[in-house]
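These notes concern the structure reproduced below.
Every number here is computed from the coordinates shown, using simple stated rules; none is lab data. Predicted, not measured: the structure shown is a model, and the values here were computed from it. Neighbour counts run over all protein chains shown; Cβ positions are idealised from the backbone, glycine included.
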Amino acid sequence: MKTALTTPVNSNQTTQTSQLIPASPTSLENPSTWMRDGYSPTEIILAAAILISFSIGGIASVIVAITGLVKTLVRRPTREKKKRMEFAATQTKSACAD
């Protein structure tokens, strides 16, 4: 037994189509334009990262230089130097006592 499913066709029926993707997107630029003009997001991020790393390196070298300068200018007396100073102090005391 054959059963056929038929639907009546309405001649007044119209077909509507909807456009899901706009034909000419105006908000996006061609990536080759970015590269030619130097406005590529990747280029900008890379340049920023390089500049930040150079500035951090520069700051670190300045801190190391200042630390070395302070260590040079403000030296703590070593044990040998303390002994020499104590010996010199005792020698002057004994010389003054004479």
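Things worth noting here:
- Extension gain, Ile66 to Arg84: 0.36 nm times the residue separation minus the Cα-Cα distance gives 3.5 nm.
- Inter-probe distance in nm under a simple model that places probes 7 Å from Cα toward Cβ, at Gln91 and Ile52: 6.0 nm
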